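Chemist: Got a structure for you, questions after.
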């Protein structure tokens, strides 16, 4: 790879390979520096009592951290949940037009690394904007299964609201879905503009709630957006659901309201009240579905306010079964990195293909199970073969 060329030259050199994808995605571009250590003393020296989770740092703090890790093996790779999902979706949806990234990228070697990785997996980067600023970076220190993340995104390297145009959502009549992450709330007005333009253009919107830290710090803005009623699908994990549910009243806990229903009898474990409040709250705000992933145990899906009868096939009546539990697949987990993103890829692919919510949940669980069988967030050939075999019951076939 020629990482010495700048972003503008790189985009020009690959422009001829761009297609007309169907599913725009909005992100902040960054590159991960993954350091793995078995020395708890090093992790303690670096982070003290603040090990685990994700926090924002400035450029100086990030460089100090990288210098402190200079004797630890580090792997560099395109960062973030949305890029990981984009790569997966580009493969699954290759016969439907693929995936387009709409983002901003730094004019440096990390930017070229990021874009080359995206292009090599079939993701369209033709609408990536290049900035005269460093590409975002994230240092991930993994110690005995615990990951601590420190992210630095240069203010000038972020996608801004004024970078968007309504035409980006209208120029492809067949563009049905827009996927974005709540991380865009870190840029004032960006997520709101994405949602507004997508809604004006009649696009469906899928939202990932990003992280526990994001939900905690941006809860008011996130809830205000959800309560506009423009989001079709929202996906969050247990930690994010717990944060979101803390602000919801006890009356929204459907577990108590539907005790003894088919769903509660089949539930493998009792979720804490905040989780159930969050799931119920999201279902009341989203049009199609609210999803809470349960890690190795599967997921919970609740129909939204406007889920169609076609989407509810095999799911059960919204009145008798307000939520459905879908178990995970029994596989030996090697590494859980990227499993949540893989689940979202499968679920969203099902939506894009017009599958039922039950089939979407099945595809999400199949992708999650495939992801935990490999080290890292990129699926290998065997993992894709596993997904291909398990996607068949949902009527989805992909080329390996």
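Chemist: Can you tell me which condition residue 328 does not meet? The list is (1) surrounded by fewer than 23 Cβ atoms within 10 Å (Cβ to Cβ); (2) under 21 Å from the mean Cα position of the chain (by Cα); (3) modelled with pLDDT of 85 or more, and all the others hold.
Modeler: Here residue 328 meets the rest and fails (3).
Chemist: Next up: Report those helices (runs of 4 or more DSSP H) wholly inside segment 229-294 carrying at least 1 residues which are buried (at least 20 other Cβ atoms within 10 Å of the Cβ) and modelled with pLDDT of 90 or more.
Modeler: Numbers: elements: 238-245, 254-257, 262-266, 273-285.
In segment 229-294, the matching helices (runs of 4 or more DSSP H) lie at 238-245, 273-285.
Chemist: Select from segment 381-400 the residues that are surrounded by fewer than 17 Cβ atoms within 10 Å (Cβ to Cβ) and modelled with pLDDT under 90 and write down the one among them that is farthest from residue 95 (Cα to Cα).
Modeler: Kept after step one, since they are surrounded by fewer than 17 Cβ atoms within 10 Å (Cβ to Cβ), are these residues of segment 381-400: 381-382, 385, 389, 392-393, 395, 397-400.
Those still in the list that are modelled with pLDDT under 90 too: 392-393, 395, 397-400.
Working: 392: 16, 393: 19, 395: 14, 397: 10, 398: 8, 399: 9, 400: 12 Å.
Within segment 381-400, the match that is farthest from residue 95 (Cα to Cα) is 393.
Chemist: Test residue 48 against the criterion of being part of a helix (DSSP H, G or I), on the phi > 0 side of the Ramachandran plot and at pLDDT 75 or above, and give yes or no.
Modeler: On the way: part of a helix (DSSP H, G or I): yes; on the phi > 0 side of the Ramachandran plot: yes; at pLDDT 75 or above: yes.
Yes, satisfied.
Chemist: Quick one: in segment 161-175, which of the residues that are in contact with a helix residue (DSSP H, G or I) (Cβ under 8 Å, 6 or more places away or on another chain), crowded, with 16+ Cβ neighbours inside 10 Å and outside any helix (DSSP H, G or I) is modelled with the highest pLDDT?
Modeler: The extreme case among them is 164.
Chemist: While we're on this one: Taking the stated definitions as given, is residue 357 crowded, with 21+ Cβ neighbours inside 10 Å and either over 20 Å from residue 297 (Cα atoms) or without any contact (Cβ under 8 Å) to a residue 12 or more places away in the chain (or both)?
Modeler: Values: crowded, with 21+ Cβ neighbours inside 10 Å: yes; either over 20 Å from residue 297 (Cα atoms) or without any contact (Cβ under 8 Å) to a residue 12 or more places away in the chain (or both): no.
No.
Chemist: Could you pull out the residue among 122, 111 that is touching a helix residue (DSSP H, G or I) at 6+ places or on another chain (Cβ under 8 Å) and part of a helix (DSSP H, G or I)? First the steps, then the outcome.
Modeler: Working: 122 fails: part of a helix (DSSP H, G or I).
From the options 122, 111, the qualifying one is 111.
Chemist: Where residues in segment 54-85 are modelled with pLDDT under 90 and assigned to a helix (DSSP H, G or I), which of them is nearest to residue 193 (Cα to Cα)? Walk me through it before giving the result.
Modeler: Residues of segment 54-85 modelled with pLDDT under 90: 54-56, 75-85.
Narrowing further to those that are assigned to a helix (DSSP H, G or I): 81-85.
Numbers: 81: 21, 82: 18, 83: 21, 84: 24, 85: 22 Å.
Filtering first and then ranking leaves 82.
Chemist: List the helices (runs of 4 or more DSSP H) that sit entirely inside segment 319-400 and contain at least 2 residues that are in contact with a strand residue (DSSP E or B) (Cβ under 7 Å, 6 or more places away or on another chain) and more than 22 Å from residue 97 (Cα to Cα).
Modeler: On the way: elements: 339-352, 357-371, 381-391.
Output list reads 357-371.
Chemist: Take residue 151 and tell me if it is surrounded by 20 or more Cβ atoms within 10 Å (Cβ to Cβ), within 24 Å of residue 59 (Cα to Cα) and touching a residue at least 60 places away in the same chain (Cβ under 8 Å).
Modeler: Numbers: surrounded by 20 or more Cβ atoms within 10 Å (Cβ to Cβ): yes; within 24 Å of residue 59 (Cα to Cα): yes; touching a residue at least 60 places away in the same chain (Cβ under 8 Å): yes.
So residue 151 fits the description; yes.
The values are calculated or read from the model by the stated rules, or taken from the named source; none is laboratory data. Nothing here was measured: the structure is a model prediction, and the numbers come from that model. No Cβ is skipped: glycine too gets one built from the backbone with ideal geometry, and neighbour counts run over all protein chains shown.
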